[in-house]
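The numbers here are math on the coordinates, done by the rules we state, and not lab data. No experiment lies behind these values; they were computed from the predicted model shown. Backbone-built Cβ (ideal geometry, glycine too); neighbour counts: all protein chains shown.
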Amino acid sequence: MVLTRKRAAEAALLLSGAVLGGLVALGVGRLVQLNAGREQLEKYSVRLLSQADGIVRETRDAVNVVLNDHLPFCSDDELSYLRKWVFNASHVRDMGRVKDGHLYCTTALGRLVPPPATTPGDIVIGGRKLFASSPLLINPQARGIIIESNGVTVVLNPADYEPLNQPPMYFSALVHDPGTGRVLPFVGQPVPLSGAEIVAQTMLERNGAYYRPLCSVLSAVCVVAYESKSTMATQDRARLLILMGAGALVGALVALTLILFFNRQRSLVRNLRRAIKNGELAVRYQPVVDLDTGAIVGAEALVRWITESGEAVPPEHFVAAAENKGFVGEITRAVITCVTEEIDDLLKLEGFTTTVNITTQDLCDPAFFRFVELRVKTARIVPQSLGFELTERSTADRDVVIHAIERLQRSGHPVYIDDFGTGYSSLAYLHDLKVSAIKIDRAFTNTIGTEAVTASVVPQILDIASRLSLMVVVEGIETQTQADYFRHAHPGIRGQGWLFGRPVPAAHFKRLFSDSLSATKQALNQTSPL
Ligand code: C2E
Ligand code: MG
Ligand code: MG
C-alpha cells in the first residue's frame, strides 16, 4: 500500500516535471518567436516605407512632367505624350488636367465635355488635395487614390498595393496632416492608433496585435505594419512542438534525478541508522604534531563508514545527512565510545589530546554532556585529553553554543574551532566563545608558497590567536614548505596533514605514537649535557 502510494507520488512528480518543463519551454519558445516576429515586423515596415517613398516620388515626377511638357492644354499632343508616360509608370494609372475647379482631360478618358467639377479633397496639405478612396470617372465602381496638385490629377490604384501585404503581416498607408494632426488612411484598413501615436513611430501593442508605425521624411505619408500577437508567437508551430517536447523531456529528467536523489538519500539514511545500530562505524586517527619538534602530541578522530556493498561514504556526506535528519548525536556517541575504548591508554597520558568532531545538535542535547561524563569516568581518562572540534558554520546558535562550550571547558575538555577562517563571524565571535584553540582551514594552508591573495589572511589569524592566547593547529599540511612557514610564523604551533600522517586505525596510530615518543626521547638524550 505504502509502496503503491510512493510509486503514484513518483509518477505524479515525473508527470508534473514533464508538464512544467513543456510549459516553460513553450513559454520561452513563444517569447523567442515574439521577439523574432517583432524584428520581422520592423524590417517589413522599413520595406513598406521605402515603397511608399517610391510612389510619392513617381507622383511628383508625374506632376512635373505635365507642368513641363510645354504642350497646349489638353491637346492631342499633350494627351498622347502623357499616355506614353503613364504607360511606362509603375504606380500611376491615370493623369489629368484641372483648371478653375474643373477636370478638362485625362489620359484614360481624353477630353471631357463639359468638364466635370472637382470636389474638395479628403485631405488638403500644402495646396495638394488628396482623395483617399474616390470613385473613378472611368469606372465609378472602382476606387482609386487621387492626388491633385498644381492643376494636375494623378490617379493611383489601391489594388496595386495589395501584394505588399505579406500575411500574417499587413499594412495600412496613411497621410498625416501636420496642420490638423489628422491621419487619413488611403491604403488598407484603419488602424486603432491615434495620430500622435503614429507620428511617435514606436511599436505598440493594441487589441492583441503589434503595430509598427513609420513616417516618411520625404512626404506626409506614414505606413503602419501590423501582425496579430498570437500568430506571431506561434508562427513556427513545428519548432514550438519540438521545443515543448524537449522541455517536457528535460522536466521529466529533472524530476527523475530528484526522485533518484531522494530515494538514494532515504536509503542512505536508512542504511546509516542500521550501520550505527550494528556498530559498523569505524574511527581513524590522524596525527597532530608539534611543528617545533615534529613529535606527535595528539590526534583527530575521524569517522569512517564502509557500506555493505563496500562503498566508502565520505564523512561530510553522511554526517550532513544525519544532521539533517536530527540523529548526528548517535554518530558522535559512537565515535566517542570508539575513541575512549580504542585509545584509552593514550588518553591517560598528560599532554596528549584527541579531538572528536561535534555539531551544534550535540551541544543542544543535555544527554550529550552526561554521556561524555560517563565515558570519561568509565574509561578513567583525563578530560583534558578528550577535546572537541566545532566548525564555525555550526556556531550559529550563539547563546547555546557559548554556554555549551563553557560547560565543556569547565569539565576540563578543550574545545577547538574547526575550519577556522571559512565562516563569516570568526573574528568578533572568538572573543565570546572562550575556546582553547583554532584549527586553520586547509584552504589557507594551500595558499602558502603560492601567489593566492588569501595567503595574506594567515598572518592576521595568527596575530589574533596570539592576542587571545589560543593554541593554533594548522590543517592540511602536505609540504615541508607549509610546515616551515607555520613553524617560523607562530611559536608552539601544531600541524596536521598528509606530511605527518593520514588517518589510520587505532593500532597503527599507537605504533606511530610510540615511534614518535622514542624519537623524541632519543633527541633529548642527544642534546642532554649529562
Ligand atoms: P575536518 O574535521 O576538518 O577533518 C579534516 C579533514 O581533512 C579529514 O577529512 C582529513 O582526512 C582531511 N585531511 C587531513 N589532512 C589533510 C591533508 O593534508 N590534505 C587533504 N587534502 N586532506 C586532509 P575526512 O576524514 O574526509 O573528514 C571530512 C570532514 O567530515 C571533517 O573535516 C569533519 O568536518 C567531518 N567529520 C569527520 N568525522 C566526523 C565525526 O566523527 N563527526 C562529525 N560531526 N564530523 C566528522
Ligand atoms: Mg575536524
Ligand atoms: Mg577541519
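Per-residue ellipticity at 222 nm computed for the chain from its helices equals -15500 deg cm²/dmol, with DSSP H segments shorter than 4 residues left out and the rest contributing -39,500 (n - 2.57). Remark: the range 174-186, residue by residue, has Karplus-estimated 3J(HN,Hα) of 9, 10, 10, 9, x, x, 9, x, 6, 10, 10, x, 10 Hz, where x stands for each Gly or Pro and the curve is 6.51 cos²θ - 1.76 cosθ + 1.60 at θ = phi - 60°. Database remark: amide H of Phe186 closer than 5 angstrom to the amide H of Ala173, Leu174, Val175 (H placed geometrically; neighbours at sequence offset of 5 or more, or on other chains; Pro and chain starts carry no H).
Shown for the range 204-356 is the translational diffusion coefficient from the Stokes-Einstein equation, using the Kirkwood radius over Cα pairs, a temperature of 37 °C and a viscosity of 0.692 mPa s: 149 µm²/s.
When the Cα positions of Ala255, Ala465, Leu193 are compared along the charge dipole of the chain, Ala255 comes out farthest toward the positive end, with charges on each C-beta of Lys, Arg, Asp and Glu. One equal scatterer on each Cα of the range 224-285, no solvent, Debye formula: the resulting log10 I(q)/I(0) at q = 0.14, 0.23, 0.28, 0.30 Å⁻¹ is -0.67, -0.94, -1.06, -1.10.
Across the range 321-338, coupling constants 3J(HN,Hα) worked out from phi with the 6.51/-1.76/1.60 Karplus curve, θ = phi - 60°, read 4, 5, 5, 4, 8, x, 10, 5, x, 5, 5, 4, 5, 4, 5, 4, 4, 4 Hz, and Gly and Pro carry x.
Taking 60 Å as R0, compute the FRET efficiency from the Cβ-Cβ separation of Val504 and Ala238 and round it to 0.05.
Given R0 = 60 Å and the Cβ-Cβ separation, E is 0.40.
When restricted to Cα atoms, the range 10-146 yields an Rg and a Dmax of 26.7, 93 Å, respectively. Note on the range 279-508: dipole from Cβ charges, positive end direction compared against Ile405, Val382, Ala282; the farthest Cα belongs to Val382.
Principal semi-axes of the equivalent ellipsoid, √(5λ) from the alpha carbon gyration tensor of the range 285-431, are 21, 21, 17 Å from largest down. How far, in degrees from 0 to 90, does helix 237-277 lean away from the longest principal axis of the Cα atoms of the chain, to the nearest 10? The two axes meet at around 10 degrees.
The DSSP beta bridges internal to the chain are antiparallel in roughly 75% of cases.
Multiplying the residue separation of Thr481 and Thr119 by 0.36 nm and subtracting their alpha-carbon distance yields 120.1 nm.
Placing a pseudo-label 7 Å from each Cα along the Cα-to-Cβ vector at Glu330 and Asn139 gives an inter-label distance of 9.4 nm. If you take the beta carbon distance between Leu67 and Val217 as r and set R0 to 30 Å, what does 1/(1 + (r/R0)^6) give as a FRET efficiency, to the nearest 0.05? My answer for the efficiency is 0.80.
Magnitude of the charge dipole for the range 220-319, about its Cα centre and with charges confined to Cβ atoms of Lys, Arg (+1) and Asp, Glu (-1), is about 640 debye.
Near Leu49, once Lys and Arg are set to +1 and Asp and Glu to -1 for all other residues with Cβ below 12 Å from its Cβ, the sum equals +1.
What number does the chain give for Rg over Rh if you use C-alpha atoms and the Kirkwood radius?
Result for the chain is an Rg/Rh of 1.42.
Only the Cβ atoms of Lys and Arg (+1) and of Asp and Glu (-1) were treated as charged; on that basis the dipole of the chain about its Cα centre amounts to roughly 1280 debye. Here's how it looks for Arg206: its modeled amide H is under 5 Å from those of Tyr211, which are all 5 or more places away or on a different chain. Can you give the net charge of the other residues whose Cβ lies under 14 Å from the Cβ of Gly310, counting K and R as +1 and D and E as -1? That sum, taken over residues with Cβ under 14 Å, equals -2. Cβ-Cβ distance of Glu205 and Asn88, R₀ of 60 Å, FRET efficiency by 1/(1 + (r/R0)^6): the value works out to about 0.90. Separation of the alpha carbons by more than 27 angstrom is noted, of Lys277/Lys377; Lys377/Lys434; Lys439/Lys510; Lys6/Lys325; Lys377/Lys510; Lys434/Lys521, for Lys434/Lys521. Full extension of the segment from Lys434 to Val46, taken as 0.36 nm per residue of separation minus the current Cα-Cα distance, would add 132.2 nm.
Among Gly329, Pro414, Thr293, flag the residue with its Cα farthest along the positive direction of the charge dipole of the range 279-508, charges on Cβ as +1 for Lys/Arg and -1 for Asp/Glu. Checked the options; the winner is Pro414. The charge dipole of the range 279-508, taken about its Cα centre with unit charges on the Cβ of Lys, Arg, Asp and Glu (plus for the first two, minus for the last two), comes to roughly 480 debye.
Phi angles of the range 140-156 translate, via the Karplus equation with coefficients 6.51, -1.76, 1.60 and θ = phi - 60°, into HN-Hα couplings of x, 6, 7, 10, x, 9, 10, 10, 10, 8, 6, x, 10, 10, 10, 10, 10 Hz per residue; Gly and Pro are given as x. Taking the longest Cα principal axis of the chain as reference, the axis of helix 480-489 is set at about 80 degrees.
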